[in-house]
Amino acid sequence: MTESRRYGGRSSEERRRTRDRQLREACLDVVAEHGVTALTAAQVCARAGLSKRYFYESFTDRDALLVAVLEDFFRQVNRAVVAALLDAGPTRADRSRATIGALTDLLASDARLARLYVEAADHQPLRRSRSRAYHRYAGFWLHVVHRHPAPGPADRLAALHFIAGTTDVLCSWLTGELDLDRRAVIEELADLGARAVPAAAATT
């Protein structure tokens, strides 16, 4: 097999991955300034300093880019939550607080991610991606936070209700509609999360 041509010590695949990362970062920058619905491929390319040729090398259209960036965010959430749980106390309340705290801190630390998260509800492809994430996190909440031994449909409903409600609450907090500080938001949501699945009340 012939090795791909190298420029500046990097292969063509390495250069493609670098351009992909530039486009994703540029997408977040444009979202922060103009919002999700106003974003265009041309804006992203201009911010990244790349031609449209390179945009379409990685993404079919602007919606595909937005979904990819939102999925990147969910992966960041996963890493942050796993790290937080390693230091969490032994109870369900401790695990709930660690998980909610990790998500809240990540959103509060990057206004670009916060705006993408908030405006996902008004963009159909992002809303579908977020809905899929709800189901993943509902399963996580049941098995990791609650350590539920045998969750049934009603338990899954309760977990989905909590995950969706938490998203709405955090969006309201991020947009200034809730007059609560970070600690209060985390504590209130963590308390609700620890009690979200009544059938698991006997477990720790």
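The values are calculated or read from the model by the stated rules, or taken from the named source; none is laboratory data. Just so you know, these numbers come straight off a predicted model, no measurement behind them. Cβ sites come from the backbone with ideal geometry, for glycine too, and all protein chains shown count toward neighbours.
Okay, here's what the table says:
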item	result
Breaking point among (1) loosely packed, with under 14 Cβ neighbours inside 10 Å; (2) of a type outside the set (Lys, Arg); (3) more than 20 Å from ALA114 (Cα to Cα), for PHE59	(1)
Index of the failed condition, GLY139 passing every other in (1) within 15 Å of the chain's Cα centre (by Cα); (2) closer than 28 Å to ASP63 by Cβ	(1)
Residue check, LEU116 touching a residue at least 40 places away in the same chain (Cβ under 8 Å), buried (at least 19 other Cβ atoms within 10 Å of the Cβ) and more than 20 Å from LEU174 (Cα to Cα)	no
Candidate set from segment 44-56 (those that are surrounded by fewer than 14 Cβ atoms within 10 Å (Cβ to Cβ) and not small (Gly, Ala, Ser)); member that is farthest from ARG16 (Cα to Cα)	LYS52
Condition met for ARG147 (out of contact with any helix residue (DSSP H, G or I) (no Cβ under 8 Å at 6 or more places or on another chain) and not aliphatic (A, V, I, L, M))	no
Pairs with Cβ under 6 Å, 6+ apart, first in segment 146-167 and assigned by TED's automatic domain parsing to the domain that holds THR99, second assigned to a loop (DSSP other than H, G, I, E, B) and surrounded by fewer than 19 Cβ atoms within 10 Å (Cβ to Cβ)	ARG147/THR203
Among the residues listed as ARG132, ARG127, the single one being more than 21 Å from GLY35 (Cβ to Cβ), assigned to a helix (DSSP H, G or I) and at pLDDT 95 or above	ARG132
Only one of ALA120, ALA80 that is of a type in the set (Gly, Ala, Ser), farther than 18 Å from GLY165 by Cβ, modelled with pLDDT of 95 or more and in the same structural domain as ARG147 (by TED's automatic domain parsing)	ALA80
Lone unmet requirement of (1) touching a residue at least 12 places away in the same chain (Cβ under 8 Å); (2) surrounded by 13 or more Cβ atoms within 10 Å (Cβ to Cβ); (3) more than 25 Å from PRO90 (Cβ to Cβ); (4) not hydrophobic (A, V, I, L, M, F, W, C) for SER172	(1)
Selection within segment 145-204 - within 30 Å of ARG112 (Cβ to Cβ), of a type in the set (Gly, Ala, Ser) and outside any loop (DSSP other than H, G, I, E, B)	ALA159, ALA164, GLY165, SER172, ALA184, ALA190, GLY193
Number of positions in segment 68-109 that are of a type in the set (Asp, Glu), surrounded by 15 or more Cβ atoms within 10 Å (Cβ to Cβ) and either out of contact with any helix residue (DSSP H, G or I) (no Cβ under 9 Å at 6 or more places or on another chain) or without any contact (Cβ under 8 Å) to a residue 24 or more places away in the chain (or both)	1
